[in-house]
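Below: one structure, written as structure tokens.
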Amino acid sequence: MESLSSIVKNIKDKDFFCILTHNYPDGDAVGSAVGLCHALQKVGKHAKVNFGSEIPEKFKFLLDYIAQDDFIPQSYISVDLADIGLLHESVKGLSENIDFCIDHHKSNKNYANHTFVDATSAANCEIIFEMLGELGCDLDKELAECLYVGIATDTGGFMYSNVTARTHKIVSEILGTGIDSGKINEKLFILEPKKHFELVKTIYNNLKFYFDDKVAVTCITLSEMSKIGITDSELDGIASIPIKIEGVEIGITVREKPNGTCKVSVRTRSQIDADEFCKVFDGGGHERAGGFTVSGNAFDVVEKIKKTVSDFTGWYM
């Protein structure tokens, strides 16, 4: 792995960039990608983002902060992407061309030609912030909003244990630009479309407890999503629901995908390393949050997960 200074030096020597991130992008993925694109454009580079799929509605306002630029990329940069297997199908063909990787997942597979990973960063946007000085890019309000979205969402509104003194120092500088954090927080954490509450109702109705109530598992099927009229890009935030329940040590959400697989999100408390648990299914993440994709319908996948929980923890039903 290279130093961040070395990565930035190599980036400064190039001019035409396409930025990639993981499928079903969360706030940190969108904030990192759009923020870096905005920064590169500010210092005179040609840059664009290819998400591969639609991003959640609540993050779309950030897209106004980058100019649409049509060119053939010479370099590809991935952000917040631990494994090329997490790319959207439409951009997986670009995976062999990734020159630079900027990431904060300790499970990073070191797939790029030049990689920087800082697993101590609460959000990947903290690393993007650290890049600005060496890029020669000032922190303007648009860039500050991108970085704030990434940090606020990946820390659960600054409630998760990944928050550090460094996190608050960075956010202090971000707020110093004059952004309206209250308005952004309302968009990120408070306001929801009506159908979101139908989704949440389904999530709670499907909630099951196992292992003396230490494990809470819920799922959302394709038929339920269709009935609600909700899409993948609108499922952001549901992964945190099971772990909010007092006494739960492992909270798991399972959502069916059209290709016969399920996306599984895992949230844990202090006893369980989510990253290590998800590695059993060739996934990964952080100590308290991880995920993986596995074949099967939601109900079959729940059974697989229950067995794995028993093997991983030594707990019994």
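The values are calculated or read from the model by the stated rules, or taken from the named source; none is laboratory data. Small disclaimer: the values here were computed from a predicted structure and weren't measured. All Cβ positions, even for glycine, are placed from backbone atoms using ideal geometry, and neighbour counts span all protein chains on display. Surface areas here come from the heavy atoms of the whole protein model, side chains and all, with no ligands, DNA or RNA. Shrake-Rupley method; radii C 1.70, N 1.55, O 1.52, S 1.80 Å.
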| In the set T115, T155, which member is open to solvent by less than 50 Å² (accessible area, probe 1.4 Å), modelled with pLDDT of 95 or more, out of contact with any Lys or Arg (no Cβ under 7 Å at 6 or more places or on another chain) and farther than 23 Å from A47 by Cβ? | T155
| said: Can you tell me which of (1) touching a residue at least 24 places away in the same chain (Cβ under 8 Å); (2) touching a helix residue (DSSP H, G or I) at 6+ places or on another chain (Cβ under 6 Å) is the one S90 doesn't meet? | reply: (2)
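Filter segment 70-90 for residues that are outside any loop (DSSP other than H, G, I, E, B), closer than 20 Å to L4 by Cα and either open to solvent by 10 Å² or more (accessible area, probe 1.4 Å) or touching a Ser or Thr at 6+ places or on another chain (Cβ under 9 Å) (or both) and give the result.
Applying the first criterion (outside any loop (DSSP other than H, G, I, E, B)) to segment 70-90 yields 75-79, 84-86, 89-90.
Then drop every residue that is not closer than 20 Å to L4 by Cα, which leaves 75-79.
Residues satisfying the conditions are Y76, S78, V79.
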| query | Do we have A122 as open to solvent by 40 Å² or more (accessible area, probe 1.4 Å), modelled with pLDDT of 95 or more and within 29 Å of L4 (Cα to Cα) here? | reply | no
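Residues are listed down the side, and each one gets a yes or a no for (1) in contact with a strand residue (DSSP E or B) (Cβ under 6 Å, 6 or more places away or on another chain); (2) within 26 Å of N162 (Cβ to Cβ); (3) among the hydrophobic types (A, V, I, L, M, F, W, C):
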| residue | (1), (2), (3) |
| --- | --- |
| S223 | no, no, no |
| D232 | no, yes, no |
| D236 | no, yes, no |
| D275 | yes, yes, no |
| G290 | yes, yes, no |
| N297 | no, no, no |
| V309 | yes, yes, yes |
| Y316 | no, no, no |
| request: Count, please, the residues in segment 1-35 that happen to be under 22 Å from the mean Cα position of the chain (by Cα), of a type in the set (D, E) and open to solvent by 10 Å² or more (accessible area, probe 1.4 Å). | output: 1
| said: Please go through (1) at pLDDT 95 or above; (2) crowded, with 18+ Cβ neighbours inside 10 Å for I238 and return the number of the only condition it doesn't satisfy. | reply: (1)
